[in-house]
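Novice: One structure, as structure tokens, below. Some questions next.
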Amino acid sequence: MTLTTKNKVGLALAGLLGVLDLPSFLEAPSDGEVGPPLGILILGSICGLITIVAVVIAWRSASGAAIRVVAGARIVSMLTALPAFFMDVEAFIKVLVTVFTILTLTSLVLMFSPARRSAAVMD
């Protein structure tokens, strides 16, 4: 498999999202504050680490399996953020989750975009 420019942009975007996920567990709410449970924050950090490692492997080897691991980690990370839409949280948090969801879906589409194939012209 050869990576296209679209695939590389998708991997780079996923890698950026993975880096942003890494410090999640450090943002745990203190006692009495409303926020995601510590387990979800730790899961987000693990997904970020898996994403970064798999992006490096996919970039270097053009491995389809590594790209699927990146996609899986990004999907799990995205799913852990979706409850923010149904909770009573600030609008800023909902906007942030929306942006990250759109970026995740964009990275998935780009990572799995097939290479263009030239079509034979029949005159």
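Novice: In segment 77-92, which residue that is within 22 Å of G48 (Cα to Cα) and not hydrophobic (A, V, I, L, M, F, W, C) is modelled with the lowest pLDDT?
Specialist: Here the answer is P83.
Novice: Here is a list: A62, A91. Which entry is surrounded by 12 or more Cβ atoms within 10 Å (Cβ to Cβ) and not basic (K, R)?
Specialist: A62
Novice: Which pairs turn up if I take residues in segment 29-49 that are in a helix (DSSP H, G or I) and look for partners that are surrounded by 13 or more Cβ atoms within 10 Å (Cβ to Cβ) and among the acidic types (D, E) with beta carbon separation below 6 Å, at least 6 apart in sequence or on another chain?
Specialist: G44/D21; C47/D21; G48/D21
Novice: Right, next: Condition first: over 11 Å from the mean Cα position of the chain (by Cα), part of a helix (DSSP H, G or I), without any contact (Cβ under 8 Å) to a residue 60 or more places away in the chain and more than 30 Å from E33 (Cα to Cα). Now tell me which residues in segment 64-122 satisfy that.
Specialist: A65, A66, R68
Novice: Tell me, yes or no, whether segment 98-116 has at least one residue that is surrounded by 14 or more Cβ atoms within 10 Å (Cβ to Cβ) and either touching a strand residue (DSSP E or B) at 6+ places or on another chain (Cβ under 6 Å) or modelled with pLDDT under 90 (or both).
Specialist: no
The values are calculated or read from the model by the stated rules, or taken from the named source; none is laboratory data. Predicted model only: the values in this text are computed from it and were never measured. Counting neighbours? That spans all protein chains shown, and the Cβs are built from the backbone with ideal geometry, glycine included.
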